[in-house]
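S.K.: One structure is given below, represented as structure tokens, and several questions about it will come after.
The values are calculated or read from the model by the stated rules, or taken from the named source; none is laboratory data. Values in this document were obtained by computation on a predicted structure and should not be read as measured data. Because the Cβ atoms are built from the backbone with ideal geometry, glycine has one as well, and the counts that use them run over all protein chains shown.
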Amino acid sequence: MTSAARSEAPASAQAFDTLSTLLHTRYSCRAFRPTPLPRATIEQVLATAQRTASWCNAQPWQVHIASGGTLERLRAAFAAAAPTAPTTPDLPWPREYRGVYQERRRECGWGLYEALGIAKGDREASARQAAQNFTMFGAPHVAIVTSDEALGVYGAVDCGAYVGNFMLAAHSLGLGSIAQAALASYPGVLREVLGIGADRSIVCGISFGMADPDHPANHFRTTRADPAASVVWRD
């Protein structure tokens with residue numbers, strides 16, 4: 001089907017069911033097989049994610065994909081920086097998690113630790129798991145998503161939509177992926193290894209590849225609130 005035909009295709013129950021299935025079955029993959037993906041497969045994901053809607057169709061995302069030797073250099077650079085360097089993300093971290101947002105954050109963390117056999121309060125084991133972020137969980141590829149610095153928060157919002165669609169496209173092809181804000185902690189490392197300019201705000205990374213189905217981290221699933229908890233009707 002041509003892209004023109006796809007854009008004119010009517011909505012259908014089958015299309016809705018496909019999207020709903022992807023959304024309900026996608027998960028954050030935290031253990032990957034090391035085998036690289038074919039370039040053509042990655043290009044399929046990129047071509048689909050490029051259809052993401054954005055303000056004024058600016059399409060502010062620019063993606064640096066590290067694989068092979070470049071990815072190994074990035075892992076080594078993170079290993080050298082993460083233990084001692086202060087975090088200096090281009091975009092500010094949340095000021096705090098309050099109320100239900102803190103509850104959901106804790107539920108997610110504790111659920112993952114339980115799946116991995118990490119006891120509550122075991123800070124050493126939880127720190128080791130957190131450090132896996134900077135190995136990209138063994139993924140053969142990582143995409144670093146950046147926005148034009150001048151677009152500020154709205155460029156980042158558009159990039160967030162792109163990240164979601166990238167992961168859905170990957171999942172539709174049987175791939176695992178995980179969005180990682182942690183990788184934006186050290187923008188200097190990313191700029192040095194990947195040649196990212198100062199005119200780009202680093203939003204996050206997406207590690208991706210074939211999931212390791214036997215790893216206990218990949219048996220963990222987060223929950224979602226009832227939609228009614230997120231909607232205010234004003235008739």
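S.K.: Scanning for something surrounded by fewer than 22 Cβ atoms within 10 Å (Cβ to Cβ), in contact (Cβ under 8 Å) with a residue 40 or more places away in the chain, of a type in the set (Asp, Glu) and part of a helix (DSSP H, G or I), does the range 144-153 turn up at least one residue?
M.R.: yes
S.K.: Given the conditions (1) loosely packed, with under 12 Cβ neighbours inside 10 Å; (2) under 17 Å from residue 158 (Cα atoms), and given that residue 48 satisfies all but one, which numbered condition is not satisfied?
M.R.: The single condition residue 48 does not satisfy is (1).
S.K.: Would you point out which residue out of 106, 51 is within 29 Å of residue 134 (Cβ to Cβ) and not hydroxyl-bearing (Ser, Thr, Tyr)?
M.R.: That would be 106, the only listed residue that is within 29 Å of residue 134 (Cβ to Cβ) and not hydroxyl-bearing (Ser, Thr, Tyr).
S.K.: May I pose another question? Does residue 210 count as in contact with a helix residue (DSSP H, G or I) (Cβ under 8 Å, 6 or more places away or on another chain) and at pLDDT 95 or above?
M.R.: It is false that residue 210 is in contact with a helix residue (DSSP H, G or I) (Cβ under 8 Å, 6 or more places away or on another chain) and at pLDDT 95 or above.
S.K.: Suppose the filter is farther than 24 Å from residue 36 by Cα, in contact with a Ser or Thr (Cβ under 8 Å, 6 or more places away or on another chain) and not hydrophobic (A, V, I, L, M, F, W, C); does residue 201 pass it?
M.R.: Against the criterion (farther than 24 Å from residue 36 by Cα, in contact with a Ser or Thr (Cβ under 8 Å, 6 or more places away or on another chain) and not hydrophobic (A, V, I, L, M, F, W, C)), residue 201 qualifies.
S.K.: Same structure again: All but one of (1) of a type outside the set (Ser, Thr, Tyr); (2) at pLDDT below 95; (3) out of contact with any Phe, Trp or Tyr (no Cβ under 8 Å at 6 or more places or on another chain) hold for residue 120; which doesn't?
M.R.: Result: residue 120 fails condition (3) only.
S.K.: Determine, yes or no, whether residue 32 is at pLDDT 95 or above, buried (at least 17 other Cβ atoms within 10 Å of the Cβ) and over 30 Å from residue 152 (Cβ atoms).
M.R.: Against the criterion (at pLDDT 95 or above, buried (at least 17 other Cβ atoms within 10 Å of the Cβ) and over 30 Å from residue 152 (Cβ atoms)), residue 32 qualifies.
S.K.: Might you let me know whether the range 192-201 holds any residue that is out of contact with any Pro (no Cβ under 8 Å at 6 or more places or on another chain), assigned to a strand (DSSP E or B) and under 25 Å from residue 46 (Cβ atoms)?
M.R.: yes
S.K.: If a residue must be in a helix (DSSP H, G or I) and surrounded by 15 or more Cβ atoms within 10 Å (Cβ to Cβ), how many such residues does the range 109-131 contain?
M.R.: Adding up the residues that qualify gives 7.
S.K.: I need the full set of residues from the range 47-82 which are farther than 24 Å from residue 160 by Cβ and in contact with a Ser or Thr (Cβ under 7 Å, 6 or more places away or on another chain), in order please.
M.R.: 75
S.K.: Between a residue in the range 118-135 that is farther than 15 Å from residue 32 by Cα and any residue that is of a type in the set (A, V, I, L, M) and in a helix (DSSP H, G or I), which pairs come within a Cβ distance under 9 Å, given they are 6 or more apart or on different chains?
M.R.: 118/112; 118/125; 119/125; 125/116; 130/182; 131/79
S.K.: Would you point out the residue of the range 51-83, among those that are part of a loop (DSSP other than H, G, I, E, B) and either over 16 Å from the mean Cα position of the chain (by Cα) or free of Cβ contacts under 8 Å to residues at least 60 places away in the same chain (or both), that is nearest to residue 151 (Cα to Cα)?
M.R.: Step by step, filter the range 51-83, then rank; the result is 60.
S.K.: Let me ask you something else. Condition first: without any contact (Cβ under 8 Å) to a residue 12 or more places away in the chain and among the small types (Gly, Ala, Ser). Now tell me which residues in the range 84-100 satisfy that.
M.R.: Residue satisfying the conditions is 99 alone.
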